[in-house]
Amino acid sequence: MPDLICLSEVGHSYGAEALFEHLDLTVRAGERLGLIGANGSGKSTLLRIIAGLISPETGRRVAHGDPHVALVAQDETFAPETTARELLAAAQPGGREAGGDCSPAVIAALEAHDLAAIADQPIGQLSGGWRKRVAIAVGLITDPDLLLLDEPTNHLDLSAIWSLQERLQGLRCAVVIISHDRWFLDRVVGRMVELGACYPAGLFQHPGDYRGFVNAREVFLDGQRATQQRLANRLRREDAWLARRPKARTTKAVARIRQAEVLRSDLAAVQRRNAAGQRSPDFDFQATGRRGNELVVAEGIAKSYGDKTIFADLDCTLAPGCCLGLIGLNGSGKTTLMQVLAGTLAPDCGRLRHAHGLRLATFSQDRRDLDPQRSLRRTLCPQGDQVAWGGGSMHIAAYARRFLFGGHQLDQPVASLSGGEQARLLIALLMLQPADLLLLDEPTNDLDIPSLEVLEEALLDFPGAVVLITHDRFLLDRVCDQLIALDGQGAAWPVADMQQWEQARGRQAAAQAADPGPAVAAAGPAAPALTWPEQKELRGLPERIERAEARLAALEQRSQDPVIGTDPQALLSLSADIQALQDTIDGLYARWEDLSAREG
């Protein structure tokens, strides 16, 4: 593939801090490149340099063949009174003169991006998800040679993310994507690039998808840590030799002194890189230590607003160690269901039971728990300079460092923090509350990938229960052992995994395409025949059968003992045990076959 944009020895700073230095990167025609890195590593700045919107402070940018570049920024700057139709008309090749607001290109773009329903609404009245769709459509209608996308999945629900994935896979132009959505990256990109001070060249590249990149990166970082140890060992030997005070005038002595200085410099550089690679927040949710099998039990609960049913006849049990994921499109009622399970919103009918003294900790996606005018210090510690943590106390500065906040930030207002910093602050507040149940509504918004990886491990380690709403498919697949899907039409049902939900939505879409009448639309995706307790029972049946068959084999082996054969009463009792266990096994097999057939 020919080169489109080449960056050579590029460096750029933000204030007095260097974002990257001596960076080399080439974007080739037709490729899909994923760009990741910790918050503040300079990803958006690099994208603007690639676009030619800003010039690098050092190095140079070379564009081959004068390519047309379209940048879809993380936050669009559309005038709030304009409409999607007007924006597309102005952006199409030739502008409004190419056919006006109803040109074939504009109509096709509205249909391709499912924007027809909101085409003439002022952009300022649309949700973040709709505005993001409009921004992507505006970028694509320009027919670019290179499309640059900065966090394109922000505010999009899972269905919109899938549609974007399919659209990008069908493009002929080159695409560079900044994203923290690992599942999305895994399916869209063909080359991964990570910015970071832990790499000698300021970045690490790997051809292939995200999962392959993660493996390659770990191998590289392991090797770099081994290099640090090897250099440290060599330097110790050289320092020991120099301690013998060799005659500095001999050629050999001078050479070894210089060699030691080179080793010292190389070791310091590797140590700095390895230390930079270890910077990630320290998430560790506190549990109360409660013991028991049931924290929340919901039986036949339902909720409606006016004539609109959100969900009905829903059963759900939350126990210590479980993680329930709530999935569905935007507006389907996920947050409402979470509030009902939390007890902050009463169900219209059914029964909801909480364990006595249940302690909850909640992460709200609207960040209403943050006072933008309050300082970081007083948000974490309203009084004094010690926070209660781990059964003891910790100085506010030390606790803030766990979440990558520097001492200079403690007296800054919360409003001055970035989106990712505010997300880390909310998690820091959550960790100060020992809880039996965590309620997390979109906790991943604005978190970078290193923070997401730490959050995953913290949730997996939390001994209490978790209810999670997120568009991060990677996180859902990793931490959730239960899923409930909502369709926004009143249906809510347990699904075994995300694939089952995707298949249900596919069947619904196919049915609506074949017959878009009200009867089909009202039907929605057919709920699986099994309730959630039945699905849980089905998963546990193979292990129960194996244990029962192992006990049966042991009893049958015992019946062959000659001692038993000489004791009629013992033999009769053993035979009865064997028959009872065989009946139990037959019943388990019958139950397994019945549930398996109903699951389909």
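Where a number appears in this text, it was derived from the coordinates with a stated rule and is not lab data. Model, not experiment: these values are computed from the prediction. Positions of Cβ are backbone-derived with ideal geometry, glycine not excepted, and every protein chain shown enters the neighbour counts.
Tell me the relative contact order for the chain as a rounded percent, counting alpha carbon contacts under 8 Å between residues six or more apart.
Numbers: 973 pairs, mean separation 71.6, N = 600.
Once normalised by length, the contact order is 12 percent.
Exposure proxy shown here: for E166, E31, the number of other Cβ atoms within 10 Å sets the order, fewest to most, as E166, E31. If you take the square roots of the eigenvalues of the alpha-carbon gyration tensor of the chain and sort them as a ≥ b ≥ c, do you get rounded (a/c under 1.5), prolate (a/b over b/c) or oblate? Oblate, since a/c reaches 1.5 and b/c is not below a/b.
Derived scalar couplings between HN and Hα for the stretch 297-311 equal 10, 10, 10, x, 6, 8, 8, 9, 10, x, 8, 9, 7, 8, 7 Hz in order, rounded to whole Hz, by the Karplus curve 6.51 cos²θ - 1.76 cosθ + 1.60 (θ = phi - 60°), x for Gly and Pro. From least to most packed, judged by other beta carbons within 10 angstrom and beginning with the fewest, R290, R558, R85 follow the order R558, R290, R85.
Figure legend: label point modelled 7 angstrom from the Cα of R279 along Cα→Cβ; residues of the stretch 390-414 with amide N under 19 Å from it are 397-412. From the alpha carbon centroid of the stretch 132-158 to that of the stretch 52-104 is 11 Å.
Can you compute the helix-only [θ] at 222 nm over the chain? Use -39500 (n - 2.57) per DSSP H run of at least 4 residues, normalise by all residues, nearest 500 deg cm²/dmol. Helix-only estimate at 222 nm: -14000 deg cm²/dmol.
Note on L221, L360: ascending count of other Cβ atoms within 10 Å places them as L221, L360, the fewest first.
Peptide packing: for 294-304, 133-143, the average count of neighbouring Cβ atoms within 10 Å per residue gives the ranking 133-143, 294-304, highest mean first.
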